[in-house]
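**Q** The structure follows.
The values are calculated or read from the model by the stated rules, or taken from the named source; none is laboratory data. This structure is a prediction, so every number in the text was calculated from the model and none was measured. For neighbour counting, all protein chains shown are included, and Cβ atoms are generated from backbone atoms with ideal geometry for every residue, glycine included.
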Amino acid sequence: MNFYIIRHGETSWNIEGRFQGCTNNALNFTGIEQACIAAHKLKNTEIHCFYSSPLQRCYETSQILNVFHHVPIYIDNRLKERSLGSLEGKFYKDYSSSHFISQIWDTKFPDFTIYNIETLTHLLDRTQHFLKDVFYQYHHLDVNIGIVAHGSLNRALLMSLGNLDLANAPIENGQITFIQSPKIENLL
């Protein structure tokens, strides 16, 4: 089993520098192009299914990725972006600082929250439950699974799989991260 973890294409809020969280925004023109580029990168890869966040920007990206594959797209609520509470719709520049960002990703204090942001504990719990279900279903098969989600959610997936270097790197819109033969014992 291999994972292709894909971040959705760009939205207008990405350009405006707004926190999106669980707000349901569509792809903009650039986001559609990014999804098309990702689709062409995966064109010659045999994908057996896609799992997608239910949010429109991910589902649209999944549909574009699936143009060359024609496989099932499974919607899973556990792949929704991290809830950003009262920050959703607000501008990054008004709230973001390296200290603020490090606080909400600090594994030493995973239950820390501010502005009603979903705790790291809850985010990791739901991503790990998702991964365990996928492992249970496909562990005996040689399959390639596409997972289309969000920046923070993809970071949590990578953390859960023990890929901390990848989890700490920027995750761009339309980015594909390949994880070969993940092991369930890597889950935190």
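**Q** Within region 79-105, can you find the residues that are loosely packed, with under 15 Cβ neighbours inside 10 Å, modelled with pLDDT of 90 or more and within 20 Å of the chain's Cα centre (by Cα)?
**A** 89 - this is the single residue of region 79-105 that is loosely packed, with under 15 Cβ neighbours inside 10 Å, modelled with pLDDT of 90 or more and within 20 Å of the chain's Cα centre (by Cα).
**Q** Same structure again: Check every one of the helices (runs of 4 or more DSSP H) wholly within region 117-172 and list those with 1 or more residues that are at pLDDT 95 or above, in contact with a helix residue (DSSP H, G or I) (Cβ under 8 Å, 6 or more places away or on another chain) and surrounded by fewer than 18 Cβ atoms within 10 Å (Cβ to Cβ).
**A** Correct list: 120-138.
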